[in-house]
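Please treat every number below as a calculation from the coordinates, not as lab data. Remember, it's a predicted structure, so these values are computed and weren't measured experimentally. Here the Cβ positions follow ideal geometry from the backbone for every residue, glycine too, while neighbour counts run over all protein chains shown.
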Amino acid sequence: MSEVMHEVVTEINSTSAPAVDWGDWLNRWEAQQSGLIVEREARFSAMLDVLEVLLPADFVALDLCSGPGSISHRVLKRFPQARTVAVDLDPFLLAIGKGALGDFGGRLSWQEADLRQPAWIEALGATHFDAVLTTTALHWLPSPDLARVYHQLGNLIRPGGILLNGDNLKFGPHQASFRKVAETLRSRKPASSSDSPRAEEWAEWWEAARQDASVQALVAQRDERFSWRSPDNWVNPIYDFHAAALREAGFVEVDTIWQCFGNRVLMAVR
């Protein structure tokens with residue numbers, strides 16, 4: 001078990017009813033995501049390093065498409081004066097985060113919002129943020145919605161504030177060789193140690209949740225909310241689209257700050 005996973009296991013404060021072990025669900029989520037995204041912790045570390053260099057100690061960050069609060073958990077542990085607002089539409093992942101992490105001593109708040117609806121921003125409890133952080137999420141948004149969200153974030157982030165988007169941001173069709181290398185190597189899974197437990201796959205994790213009577217209602221609600229999302233309508237805009245949309249939204253500096261093939265942290269300075 002990695003050091004980060006050990007900390008998650010031992011330091012989670014579960015505030016849920018005994019019927020659901022939210023801490024266990026969070027640990028399983030962390031393990032599943034770490035198996036899916038090999039460089040996940042390196043990507044998180046790069047994002048937090050940026051916050052340390054560019055922001056004051058008491059910054060306020062928006063954890064966009066937060067899931068169960070993986071970013072918020074790491075931010076609040078590393079920066080004891082920081083505060084975060086975690087926003088997501090998934091009722092099950094939000095329940096995991098609320099149950100396992102609580103309000104982190106008053107420094108973490110949770111909001112439910114749908115980024116496809118322009119009014120999502122009204123649910124936030126702050127008018128300006130020092131930073132917006134998101135990982136492995138915005139690729140699901142249709143391109144027009146993504147461009148609008150970036151414009152909204154451009155108005156939400158204070159001047160000098162930053163946006164960090166960690167995701168697999170694809171090379172464009174004009175970079176066929178780059179794309180071939182990135183996609184080929186991404187498809188190869190690293191060999192796992194014989195004494196390490198096998199991480200649950202994405203589909204396997206969700207199927208386990210659907211079979212668990214204590215959380216079935218939340219997962220069913222989640223499936224209904226995301227019924228529009230399928231591989232058939234998944235656009236997954238290329239890196240160049242993200243960068244151009246951010247510049248159009250008023251961000252003055254836009255570029256990759258960390259990268260491993262197509263897996264990148266795209267940084268934009270307001």
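Quick notes
- Hydrodynamic radius of the range 83-149 per Kirkwood, over alpha carbon pairs, in Å: 13.1
- When the Cα convex hull of the chain is projected onto planes of every orientation, the mean area is 14.4 nm².
- Neighbourhood net charge (12 Å Cβ-Cβ; Lys/Arg +1, Asp/Glu -1) for Ala61: +2
- Which of Val75, Ser109, Phe129, positive extreme of dipole for the range 37-134 (C-beta unit charges): Val75
- Check: the chain dipole with +1 on Lys, Arg Cβ and -1 on Asp, Glu Cβ, in debye: 600
- Helix-only arithmetic for the chain: the sum of -39500 (n - 2.57) across DSSP H runs with n ≥ 4, divided by the residue total, places the mean residue ellipticity at 222 nm at -13000 deg cm²/dmol.
- Karplus-based coupling profile of the range 218-229, in residue order and whole Hz: 5, 5, 5, 5, 4, 4, 5, 5, 9, 5, 6, 8, with θ = phi - 60° in 6.51 cos²θ - 1.76 cosθ + 1.60 and x standing for Gly or Pro.
- For Gly161, distant residues with modelled amide H under 5 Å away: Arg270
- Cα centre as origin, Lys/Arg/Asp/Glu Cβ charges: the range 50-93 dipole, Debye: 180
- Charge tally around Ile257: other residues with Cβ under 12 Å, Lys/Arg +1 each, Asp/Glu -1 each, net -1.
- Cα gyration tensor of the range 107-193 - equivalent ellipsoid semi-axes, whole Å, descending: 31, 17, 13
- Within the straight-line cut-off of under 12 Å between alpha carbons, the aspartates and glutamates reachable from Lys77 are Glu7, Glu11, sequence neighbours fewer than 8 places apart in one chain being disregarded.
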